[in-house]
Each structure stands twice: as structure tokens, then as C-alpha cells.
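Student: Before we start, here is the structure in question, set down as C-alpha cells.
The values are calculated or read from the model by the stated rules, or taken from the named source; none is laboratory data. Predicted model, so just to flag it, every value in this text is computed and none were measured. Using ideal geometry, Cβ is built from the backbone for each residue, glycine included, and neighbour counts are taken over all protein chains shown. To get the accessible areas, we keep the full protein, side chains included, count just its heavy atoms, and leave off ligands, DNA and RNA. Shrake-Rupley method; radii C 1.70, N 1.55, O 1.52, S 1.80 Å.
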Amino acid sequence: LPVIGTAVADLDTPAVLIDLDRLDRNIAHGAEVVARAGAEMRPHCKTHKTAEVARRQLAAGAVGLTVAKLGEAEALADASFDDIFVANEVVGAAKTARAVALARRITLAIGVDHLTQAQGLSAAFQDEARPLRVMIEVDTGQQRGGVEPGPAAAGLAEQIVRLPGLQLAGVFTHEGHDYDVPDTDLLPAVGRTAQQAMVATAQLIRERLGVPCRVSVGSTPSLIAGVVEPGVDEVRTGTYVYYDASMANVIGDFDSCALTVLATVVNRPTSSRTILDAGTKALSHDRRGGATILHTPGYGHVLEHPEAVITGLSDEHGVVTRGAEGMRIGEKVRIIPNHACPVSNLVDSVYAIRGDVVEEVWKVVARGRTT
Ligand SMILES: Cc1ncc(COP(=O)(O)O)c(C=O)c1O
């Protein structure tokens, strides 16, 4: 491709850039924190959705991959990856049929948090040669999916082990309520409490049912806080590969942020309004507000103009109303988005850069695989 070897400044915009040195540092750091605790990494690919980053994560010791959707798992299986956990519930005949087809190709695990989903999977898998591995989702405080820790999870486990076609593999949680704490000092306690509840739940299941039960956790703020409790088998962090402006709050600087959106200053209709060619279709609409550790002042951090605040977005426009005095029309700027994961879902390919030069172009193979 002619673009390889060109300067970042010569790329057309908007474009998503991945800083290879930062990416590799982030992957190595995550691997080290998890390995030091005696656990295994099964990174969540929702953040990057690329074969190239997944390959780097596996090369750094990851034991397998995590995704949110069957479609993402199919895309990664097509790219020759094996051992994938869909950390989400899969419901309906169309999906369970796809799960069967996929499980014939790769080692697959799927989340459940209700007997109804487990029965659907059991019906689809009961005549298969290999049982489907299922992981019980446990809510440790995020109040999204998941059964309560302890007896509720053990009760569901008891029902699952009786179903044909399924093999109970373990319990999992996304301790994502740590995103909402008001102060980073509170992170370790929140992460530890959630992970300890998981370890105790798995122990209860082992004791009651006499089966092995893996403990899978994962959230980037917990990883940043270095929390991997004894008894945790596997960590599924996602955002840690790229970080973003929100996670930079937790870390304290922007030096780990590997994903940026290259944009052009296109307009200054009035002295108080400067327009970038990156709107919701380049930065996503994620506004990390409120009194949480993820709060940012705008829709992204402009590296070249740290005082600039992107106060508004429409589809194709980013509106800077503060700190834009130094910006001139035609200038290219790099923006660290508030949330990296949805940004990966907005582009067909990303530019992997070293310093200011494009080294590779990566297809975002699991982009848009939302079913
Ligand atoms: C089920 C599940 N596991 C793991 C993760 C990874 O979280 P993070 O991106 O904070 O590392 C997420 C994030 O949304 C998730 O939903």
C-alpha cells in the first residue's frame, strides 16, 4: 500500500491512528500485572476489533480472547483465532444455530445469567459431539447483566449442570461500576470487593456441585489500580490496550493513550467557534460526565492544543469553543477520544504508526459485527 512509510501529517482526515510503541507497552504492562498475580489474560477485543492487536496480546501470553458478540467471535475465527469467550448472553434460534456452527470450528464459551438462555443453548447443543462451555455472569455492582453473587449464582449453576449439551466452565463479572467512583483512591477497594465476591461464589459452586469453576473478571480501572485478587483465574480487560481520555484521568497523564483521531481544522465561522472535521462519526458521542473518575471536560483531548475543549459534536463536525486561539484552518490535530472502544467501530481500517510515520494499515475485522 502506498500509504505505508508516509508521514502521519500527510494522511487525509478523519483517520484513526494507533501508536505502536504505546500499544506494545500497554499490552506488556497488562500482561505483567496479570501474570504477577498468577492469573491469565483473556483480553476483550471490543476495544480494537483487529487481528493484529489480538495477535500481539496472544504473543504476550494471553490464553484466549473475549468478545461481546457472536459476530465478533465469527470474525476472529475467520482470522484463524481459537478459544474465544463471548462474555454476553446469546438468545434466540438464529444465534444459537450460529453458536453451534462456530463451536464446531473453535473452542467457544458463552455467558448465561438465566435458566432460559441456558435451556436455549442446551437445546441447540445437546446433539453436538462437544458440550458448549458456559460461564455464569455475576453482577458485582454494575447493575447490568448478571445474577447476584453467592447462592443465586450457585442455584443457577445447579440447574446448568443438569442440562445436556452444556459444560459449566466458571463465573464471570465485569466490575464496571468501578468506572463510576468519584475518586481514584476508591478504586482498589471497589475492585477487591467485586473480585472477592467472585472468588467466594466460585468456591460455593465447587463445594456444592463438586465441579471445577473458573473465576473471570475484568475492568481497566481495576487493572490500573493493580487489583487482581488471589483466586482470580482470568482477567478480561479491553480498554487497557489503547486507553483514552477518560482512562487518562485514572492514570494521571495521557502518555499511555495509543489511539488518536487525526482531524483537520476546517473552519472558524466566528472568533469563538472553531470547527474540526471529526464529529460523532469519528469520535463517537461518548460523553463521560458526572462526578466520576472518567469525567472529561469535552469530547476529546486535543494533543497539540491541550487547552482546547471540544464542547459540541454533530455527525461530521467537532465544535471547539474554548482554547482554540492557536488553531488555524488546514492544521491537522490529534485527538484522544473520551472512549476508544466505540471509535474502533467507526472505521474500516486504522493506521499503525511509529513516531510520525505510518508503519502498517490494519483492517478492523470485527467492525460492525453487532449481532
Ligand atoms: C463483559 C465485559 N468484560 C470485560 C470488559 C472490559 O472492560 P474494560 O474495557 O474496562 O477493560 C467489558 C467492557 O465493557 C465488558 O463488558
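Student: Name the single residue that is farthest from M41 (Cα to Cα) among those in the range 195-224 being in contact with a Gly (Cβ under 9 Å, 6 or more places away or on another chain) and within 12 Å of the ligand (Cβ to nearest atom).
Tutor: This residue is P221.
Residue-wise test of (1) of a type outside the set (D, E, K, R); (2) more than 16 Å from the ligand (Cβ to nearest atom); (3) open to solvent by 50 Å² or more (accessible area, probe 1.4 Å).
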position	(1), (2), (3)
P131	yes, yes, yes
V134	yes, no, no
G146	yes, no, no
P149	yes, no, no
E158	no, yes, yes
L168	yes, yes, no
V171	yes, no, no
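Student: Let me ask something additional. Could you check, for the range 321-335, whether at least one of its residues is more than 21 Å from G298 (Cβ to Cβ) and away from the ligand (no atom under 16 Å from the Cβ)? Show your work before the answer.
Tutor: From the range 321-335, those more than 21 Å from G298 (Cβ to Cβ) are 330; that's our starting set.
Remaining after also requiring away from the ligand (no atom under 16 Å from the Cβ): 330.
Yes: the range 321-335 contains one or more residues that are more than 21 Å from G298 (Cβ to Cβ) and away from the ligand (no atom under 16 Å from the Cβ).
Student: Across the range 209-229, what is the total count of residues that are over 23 Å from V181 (Cα atoms) and not β-branched (V, I, T)? Show your work before the answer.
Tutor: Let us first name the residues in the range 209-229 that are over 23 Å from V181 (Cα atoms), namely 209-215.
So of that shortlist, the ones also not β-branched (V, I, T) come out as 209-210, 212-214.
Number of matching residues: 5.
Student: Quick check on my filter: what residues within the range 173-194 are away from the ligand (no atom under 14 Å from the Cβ), touching a residue at least 60 places away in the same chain (Cβ under 8 Å) and part of a helix (DSSP H, G or I)?
Tutor: Applying the first criterion (away from the ligand (no atom under 14 Å from the Cβ)) to the range 173-194 yields 182-186, 188-189, 192-193.
Subsequent filtering for residues that are touching a residue at least 60 places away in the same chain (Cβ under 8 Å) retains 182-184.
Across the range 173-194, the qualifying residue is only T184.
Student: I'd like to check something: does the range 15-23 contain any residue that is crowded, with 17+ Cβ neighbours inside 10 Å and free of Cβ contacts under 8 Å to residues at least 40 places away in the same chain?
Tutor: Checked against the condition, which is being crowded, with 17+ Cβ neighbours inside 10 Å and free of Cβ contacts under 8 Å to residues at least 40 places away in the same chain, the range 15-23 yields no hits at all.
Student: Quick one: what pairs do we get from the range 202-221, first residue without any contact (Cβ under 8 Å) to a residue 12 or more places away in the chain, second away from the ligand (no atom under 16 Å from the Cβ) and open to solvent by less than 60 Å² (accessible area, probe 1.4 Å), C-beta under 6 Å, 6+ apart or different chains?
Tutor: From residues that are without any contact (Cβ under 8 Å) to a residue 12 or more places away in the chain, the pairs are R206/C213.
Student: Of the residues A109, A97, only one is among the hydrophobic types (A, V, I, L, M, F, W, C) and more than 20 Å from G238 (Cα to Cα); which?
Tutor: Details: A109 fails: more than 20 Å from G238 (Cα to Cα).
Testing whether each residue is among the hydrophobic types (A, V, I, L, M, F, W, C) and more than 20 Å from G238 (Cα to Cα) leaves just A97.
Student: Does the range 97-115 include one or more residues that are crowded, with 18+ Cβ neighbours inside 10 Å, out of contact with any Ser or Thr (no Cβ under 7 Å at 6 or more places or on another chain) and assigned to a loop (DSSP other than H, G, I, E, B)?
Tutor: yes
Student: Report, by residue number, each residue of the range 294-349 that is surrounded by 17 or more Cβ atoms within 10 Å (Cβ to Cβ), outside any strand (DSSP E or B) and among the small types (G, A, S).
Tutor: Within the range 294-349, G298, A308, G323, A324, A340, S344 qualify.
Student: Out of the residues in the range 225-249 that are among the acidic types (D, E) and within 13 Å of the ligand (Cβ to nearest atom), state the one that is nearest to V171 (Cα to Cα).
Tutor: So in the range 225-249, the residues among the acidic types (D, E) come out as 229, 233-234, 244.
Going one step further and asking which of them are within 13 Å of the ligand (Cβ to nearest atom), we end up with 234, 244.
On the way: E234: 10, D244: 28 Å.
Only one residue fits best here, namely E234.
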